[in-house]
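Below: one structure, written as structure tokens.
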Amino acid sequence: MKFQLLYNILHLCSLQKFVTSALHNNDGIIAKLNKNKGRNLKSNVNIYVPNLALNISYIESKEKIQQRVFGSWYAENVLETLNQTEVTAENFQNQDSNYPGQLTEGRKEFFTLYATKDDSKVKQIWSQDGGSRPTFTSFHHLVLPVWFGDEDPNDPESQMVASRIKLVLDQNKEYYRKMSFDSVDLTYEILEQKQFPSLNSRTATLDDSKEKMREHTRSLGYEKGDGSYDGLMLLYNIAKGKGDHSFSGGLANVNADDPFLWMSYALYDWETGANIDFGVTRHEFGHNVGHPHHRAMRYERLGVTMYDGFDMMSGGNFYDISHFHVASKWFFNWIPDSSIVMMQPEGSTEWCPKCKSSGTFNIKTFDKYESPPQNGDIFGIHIPIHGERGNTIWSYWLQYRSGVHGRAAIGLSVHFSRFILGSTFGGMYDQLNYDVHGDTETTFDSFVLPGTCYIIEPALMLIKRGLSAEQSGEQVIPRVCVESLNKGNDITVSVSFLDSSYLKPGNAHHSVQCNTSGKKVKETFTKSPLLYHLKGTGVDGTVSVSLCPKNNVSPNFGYNANAYFYDRYPHAPMEQKAPFAHGAFDGKAIGFWECCKPGSDVYVNNGATIVKITNINEGKHRIYLNEIEIYDENGVNVAPNGRCYSKFSDYDLGDPNCLNDGIVGNYPEACSSYSGADGTPQFDFCVLEKETKISRVKVYPFYDPEKSFLTDKLDNLQIDFYSFVDLGKKNYRWKGDLDFIGQLAEPIQTGFSSSMLDPRSHNVVLDSSYPCPRKSSDPPPSLYSSLSSLFGETWLIVNVQEVDGFAAIETEVDI
């Protein structure tokens with residue numbers, strides 16, 4: 001039990017890389033943002049607690065550690081997740097089934113707790129008119145800039161400028177005002193900078209500085225609970241060396257009775273000089289008001305935390321608009337009950353008179369300030385699952401997000417959430433997003449797309465807890481279909497429920513019993529998909545699949561074969577005509593070029609899929625671009641339907657998503673990409689939605705009027721066109737080398753300078769083939785899936801793309 005024990009309790013924030021460090025005491029969980037370029041996420045973990053510092057890379061006695069360090073909260077909220085009996089397909093599927101019309105005890109407890117959701121919302125930050133629900137409407141910070149005892153107050157470098165602090169806090173105030181649809185007003189008072197003579201910047205703990213600030217504010221007449229303030233914010237200069245105050249970033253406790261926020265002063269992006277304090281501030285205050293980091297569901301099985309990358313509490317903080325989820329806005333009453341549809345399989349019951357069992361609904365985007373809730377608007381769908389412990393409710397939420405540069409506006413978001421009710425902000429809200437297309441390792445495809453239906457199967461977190469079927473949601477299986485999409489504004493969905501018999505497995509084409517000595521199945525088939533049931537893989541088995549597509553009709557034309565891995569029988573793709581990626585926990589693809597005959601040519605059907613732009617100017621390796629337009633043979637710009645990436649974007653200075661967002665202009669009015677700093681030629685590239693007969697490309701340079709020299713570094717660029725690239729694991733940028741396969745045109749040379757800022761347009765003539773990249777000594781390609789199988793068995797679908805109505809593929813499954 002290595003890192004999963006820690007990642008369940010620590011809430012880590014960063015604009016780039018993450019270093020784990022946290023404190024837990026009676027004031028709640030401390031969440032830390034640490035901007036540290038030199039450490040790897042999988043290195044040892046430092047945990048700071050009052051009067052105790054541990055360096056942990058492996059924990060042998062979790063019970064002993066939890067009592068020494070984390071206390072009863074950890075035992076109640078984390079250990080139950082880990083101290084579980086193994087869940088197998090047999091005992092899971094044989095648990096009690098649902099009786100039509102009868103709510104389980106867990107769902108009854110949900111509604112009992114749901115009725116108390118506002119009981120702790122009593123402090124002055126909440127307002128209530130008549131019989132309405134309490135609304136989170138105000139919060140007042142006392143802000144104290146400090147020197148430690150080893151700092152010189154007369155040193156200009158250590159003095160904090162009140163006007164700059166005010167600028168950041170005003171930005172935060174405005175962001176929350178708009179996010180709340182004018183509901184909440186954040187105010188603050190900046191106190192005079194104070195020195196703590198008895199504290200050394202390198203040895204003082206977080207508790208030390210927190211208590212000193214409390215003492216100081218009390219001496220000024222501010223008492224906790226007297227209504228003079230709602231929370232405290234301490235600003236410090238970054239200490240040299242190691243220590244609790246040596247990081248640049250912020251920390252905050254989560255839903256504590258005494259909200260506290262630590263912030264380093266002078267958090268800059270050194271490459272551009274940009275002030276990023278605001279992004280850190282809005283994120284850390286998000287922790288204060290009850291949000292840990294939100295994660296991607298699929299990555300829970302890996303034992304490490306992976307963020308979905310869309311809201312400001314889950315890795316999306318670098319977007320201008322990355323609002324709290326709709327569930328949070330509803331909980332704070334920024335979105336009213338009337339704009340949330342509640343659903344359950346039974347429809348209206350005495351426990352939920354307003355619940356619906358099915359229907360078609362138009363859901364508005366919840367993150368547009370210009371489009372606040374109006375009568376009749378629907379902003380989200382809430383599907384109750386389970387209640388427990390007298391304070392925790394679990395649900396599914398359906399929502400539509402338009403911000404984050406429109407990256408989430410392509411479809412419906414599905415989330416599994418929980419509220420732990422109580423304390424200052426009414427509760428702690430945590431959620432995991434369903435990675436709808438589970439065959440890839442990106443979260444950019446975590447959406448139900450128009451024209452498709454998605455089955456929400458029981459959430460992995462509940463299953464891993466070892467709960468009974470009624471508690472794990474086995475009786476609540478929603479079927480969600482996206483009927484239409486008005487991109488960026490609203491989405492129309494239909495929702496119904498499937499019976500629990502849906503989870504019973506069907507028949508496979510092949511059933512294979514695995515063992516440690518290995519077993520092989522080899523078959524050539526002309527129909528796909530083909531379904532394998534691999535029994536006995538265990539929770540840590542590795543499945544190896546060798547695929548080589550062979551087109552017997554047009555042997556020189558290439559196409560792809562795909563393998564998809566599932567925990568349970570894949571009902572959705574096999575019986576509901578859902579995309580194969582739905583419900584998968586892993587997936588791989590093999591292109592024809594990986595199986596072609598060395599020395600032969602590979603022919604492409606409809607053009608290129610990759611446009612790559614490289615800075616080949618020796619000594620000026622960085623690349624910054626504003627926009628790339630890619631036109632097909634009909635003159636249509638197809639770039640917006642693809643995705644763009646940067647090779648190496650370590651400082652979060654740029655966003656490759658900007659390359660095809662349709663927004664053209666100079667910095668800072670328009671965003672741009674950035675790739676650089678690793679000493680090799682840098683490149684941006686765009687992956688089109690499908691093969692395209694590209695006729696023209698148009699490139700727009702980055703230009704900052706105050707730093708025109710940056711554009712001068714773009715005077716020698718090369719544009720290349722390829723058939724394939726393997727993106728691997730990265731969401732929005734690639735760090736490392738990539739293999740671009742199948743060059744389909746002669747490279748095009750272009751460039752810019754501060755005196756040549758006009759976009760450059762180039763006509764393109766693509767080849768219809770490229771030389772097979774394989775050597776005679778290359779082994780046949782193999783696919784591996786080593787992710788944990790939830791039930792100790794794996795289901796595998798092998799599918800091949802048809803060409804001219806016919807496809808044959810040779811398949812070897814090696815276990």
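For region 324-380, how many residues meet the condition of being touching a helix residue (DSSP H, G or I) at 6+ places or on another chain (Cβ under 7 Å) and in contact (Cβ under 8 Å) with a residue 40 or more places away in the chain?
So the answer is 10.
May I ask you to list the residues in region 594-613 that are more than 9 Å from P771 (Cα to Cα), part of a loop (DSSP other than H, G, I, E, B) and not small (G, A, S)? Once the filter is applied, which keeps residues that are more than 9 Å from P771 (Cα to Cα), part of a loop (DSSP other than H, G, I, E, B) and not small (G, A, S), region 594-613 yields C595, C596, K597, V604, N605, N606. Being of a type outside the set (A, V, I, L, M) and on the phi > 0 side of the Ramachandran plot holds for only one residue in G390, G403, and it is G390.
Here Y229 fits the description: open to solvent by 10 Å² or more (accessible area, probe 1.4 Å) and modelled with pLDDT of 90 or more.
I'd like the full set of residues that are under 22 Å from E669 (Cα atoms) and part of a strand (DSSP E or B), limited to region 614-639. Hits for region 614-639 are I623, L625, N626, E627, I628, E629.
Residue-wise test of (1) in a strand (DSSP E or B); (2) open to solvent by less than 40 Å² (accessible area, probe 1.4 Å); (3) not β-branched (V, I, T).
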{"residue": "C644", "(1), (2), (3)": "yes, yes, yes"}
{"residue": "G654", "(1), (2), (3)": "no, yes, yes"}
{"residue": "G662", "(1), (2), (3)": "no, no, yes"}
{"residue": "T680", "(1), (2), (3)": "no, no, no"}
{"residue": "I694", "(1), (2), (3)": "no, yes, no"}
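Within the bounds of region 399-408, is there any residue that is over 27 Å from the mean Cα position of the chain (by Cα) and at pLDDT below 95? Among the residues of region 399-408, not one is over 27 Å from the mean Cα position of the chain (by Cα) and at pLDDT below 95, which makes the answer no. Of all residues in region 607-644, exactly one satisfies the criterion of being modelled with pLDDT under 85 and either closer than 20 Å to T692 by Cβ or β-branched (V, I, T) (or both), namely R643.
The values are calculated or read from the model by the stated rules, or taken from the named source; none is laboratory data. What you see is a predicted model, and the numbers here were worked out from it, not measured in a lab. As a convention, Cβ positions derive from the backbone with ideal geometry for all residues, glycine included, and neighbour counts pool all protein chains shown. Each accessible area value is taken on the protein alone, full model and side chains, heavy atoms only, with ligands, DNA and RNA left out. Shrake-Rupley method; radii C 1.70, N 1.55, O 1.52, S 1.80 Å.
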